[in-house]
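All remarks here apply to the structure that follows.
Bear in mind that the values in this text are calculations on the coordinates, not laboratory data. Here the structure is a predicted model, which is why all the values come from computation and not from measurement. Positions of Cβ are generated from backbone atoms using ideal geometry, with glycine treated the same way; all protein chains shown enter the neighbour counts.
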Amino acid sequence: MTEATTISDLSRVAFGDHGKPVAIVDIGSNSVRLVAYQGLSRALTPIFNEKAMCALGKGVVTSGRLAEDGVDKALKALRRFRALCETMEIDDITVIATAAARDAANGPAFLGAARAAIGREIVLLSGRREAELSALGVISAIHAPDGVVGDLGGGSLELIDVVGGVCGDGVTLPLGGLALMDASKRSTRDASRIARKALAETRPLAELRGRAFYAVGGTWRALARLHMRQCNYPLDVMHNYRIQTSEAAAFAELALRIDSEAITDIAAVSTARRPLLAYGAIVLDEIIRRAKPREIVISAAGVREGLLYERLSAAARAADPLLCAAREQGALLARAPAYGDELIAWTDAFMASSELDETFEEKRLRHAACLLSDVSWRAHPDYRARQATNIVTHGAFVGVDHPGRAFLALAVVFRHQGAEGEHDFAALRGLLTTRLLIRARVLGSAMRVAYLLSASMPGVLPQTPLRARHGRLTLTLPAPRADLVSDRLMNRVKTLARLLGLEAAVETVA
């Protein structure tokens with residue numbers, strides 16, 4: 001498979017008619033959750049997401065049984081979820097249960113009652129299977145992962161190695177927040193000792209040094225959200241949020257040593273989850289101390305997304321989820337969806353003629369930006385850049401890190417406002433390297449030329465190539481398109497040429 005095929009063609013495989021909606025009901029040790037998706041797709045779009053904090057696993061370590069009040073809450077939630085799925089006319093429903101139901105003596109009785117409540121068969125996942133699905137979730141949502149996935153739930157911690165699209169053998173440990181709180185009798189000192197002993201000989205951690213640790217699970221996401229608020233981070237997107245190991249260790253120690261209620265912005269964490277923060281911090285701190293990963297990467301995708309990713313065809317799994325999502329946004333919001341693909345081809349040829357080298361990652365980001373270039377056209381012209389930025393920075397995109405999101409946002413800002421728009425989004429600019437910022441300026445400037453040529457409609461760009469040759473940037477128009485030339489168009493070509501250190505020219509050919 002060629003690089004060009006991977007970027008330009010495969011995203012079409014998973015795009016189009018989603019078919020019928022699908023739903024996952026996840027009966028966990030701490031929460032019971034329903035997530036409904038628009039359909040089975042490489043770029044999943046949630047249409048409904050609700051959780052009930054039931055704490056099913058509270059006390060299982062000490063009593064061996066699911067908590068009765070947790071059982072009652074869970075069954076009530078499952079009956080509601082059944083009614084919601086009927087309302088949304090969802091027939092494709094997968095129901096899974098994890099550590100609490102797996103480990104408790106009354107787990108089988110609960111699963112029988114749960115089956116009646118939800119009206120579906122329930123798949124009880126083994127610890128190894130849970131680890132495998134968590135890894136597949138990360139593979140589906142993070143571009144080219146390389147490290148260890150850690151899925152921290154209420155009852156257990158699953159660890160599994162991932163490299164690209166391949167996962168190793170997973171292990172499960174009784175280090176979930178509720179389990180660790182019970183086993184330590186709420187002593188953080190004892191909890192640290194228990195975590196240290198359990199992680200001492202854990203095989204996946206042996207190869208983690210210098211690689212990424214992919215943190216899955218609500219408690220770790222809550223810790224990361226607090227870290228994000230503490231450092232006044234410019235994006236409010238949790239997926240693919242990255243924390244350098246030294247910062248993560250310091251923040252974990254802070255969360256462990258002080259009353260969680262004293263942490264700034266603690267209101268961002270649900271009351272039910274706050275008591276578990278310290279135990280999540282203990283486990284994370286021990287992993288950092290023992291395995292010395294390069295960074296902590298938060299993944300919003302886990303078991304549920306892994307289940308759906310596993311169901312895709314091999315061709316759909318090979319598609320780029322960022323390009324699939326960008327293509328879908330363009331189809332829904334752009335004036336003419338076909339324009340995005342023409343802009344990709346037009347900028348491909350322009351970049352090939354320029355002296356700017358481009359990595360594979362930079363190329364896929366450029367393609368995504370082309371697909372998103374016209375998503376805010378319905379807004380007032382004065383606000384199109386801000387509208388597009390909101391769509392890009394807060395969209396349910398996966399397969400892109402935060403600097404990549406900033407690149408996409410700024411490229412579209414430059415497309416609408418030119419260089420003067422950069423100062424309105426200085427915080428996003430801080431997420432980019434100088435190299436990426438320059439490429440965002442160049443791409444945005446090129447898209448401004450393309451817009452004046454085509455009005456974002458298909459059919460024009462294939463006839464009007466833009467090429468850098470012999471020290472000149474030349475826009476060529478066929479004679480039937482000669483009337484498109486204007487002073488404004490020429491000024492935009494000159495602006496782009498200056499960014500490249502070239503002279504500008506517009507020529508008409510017979």
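Residue-wise HN-Hα couplings along the stretch 68-81, as the Karplus relation 6.51 cos²θ - 1.76 cosθ + 1.60 with θ = phi - 60° gives them from phi, are 4, 5, x, 4, 4, 5, 5, 5, 5, 5, 5, 5, 5, 4 Hz; Gly and Pro carry x. Note on the stretch 18-124: antiparallel DSSP beta bridges, both residues inside, total approximately 60 percent of the bridges counted.
Packing, taken as the mean count of other beta carbons within 10 Å per residue, orders the peptides 335-347, 127-139, 81-93 from highest to lowest as 127-139, 335-347, 81-93. When both bridge partners sit in the chain, DSSP labels roughly 55% of those beta bridges antiparallel. Each residue of the stretch 131-136 was assigned a 3J(HN,Hα) from its phi angle through the Karplus expression (A = 6.51, B = -1.76, C = 1.60, θ = phi - 60°), giving 4, 4, 5, 4, 4, 5 Hz with x at Gly and Pro. Between Tyr214 and Val148, Val149, Gly150, Val297, the built amide H atoms are under 5 Å apart, and every one of these is 5 or more places off in sequence or on another chain.
Taking the Cα centre of the chain as reference, the dipole from Cβ charges on Lys and Arg (+1) and Asp and Glu (-1) amounts to some 660 debye. Each Cα pair under 8 Å and six or more residues apart adds its separation to the average, and for the stretch 18-124 the resulting relative contact order is 28 percent.
Given Cβ point charges of +1 (Lys, Arg) and -1 (Asp, Glu) and nothing else, what value in debye, to the nearest 20, does the dipole of the stretch 128-305 about its Cα centre take?
380 debye
Is there a pair in Lys73/Lys197; Lys20/Lys76; Lys20/Lys363; Lys20/Lys58; Lys51/Lys292; Lys58/Lys197 whose C-alpha atoms are over 28 Å apart, and which pairs would that be? Exceeds cut-off: Lys73/Lys197; Lys20/Lys363; Lys20/Lys58; Lys51/Lys292. In plain terms, the chain from Glu89 to Asn390 could stretch by 105.3 nm, reckoned as 0.36 nm per residue minus the Cα-Cα distance.
Report the calculated FRET efficiency for Ser187 and Glu358 (r = Cβ-Cβ distance, R0 = 56 Å), to the nearest 0.05. Computed FRET efficiency for Ser187 and Glu358: 0.55. In the chain, Cα pairs under 8 Å separated by at least six residues give a relative contact order of 13 percent.
Here the scattering of the chain is modelled by Debye summation over its C-alpha atoms, one equal scatterer each and no solvent; at q = 0.08, 0.13 Å⁻¹ the log10 of I(q)/I(0) is -0.55, -1.20.
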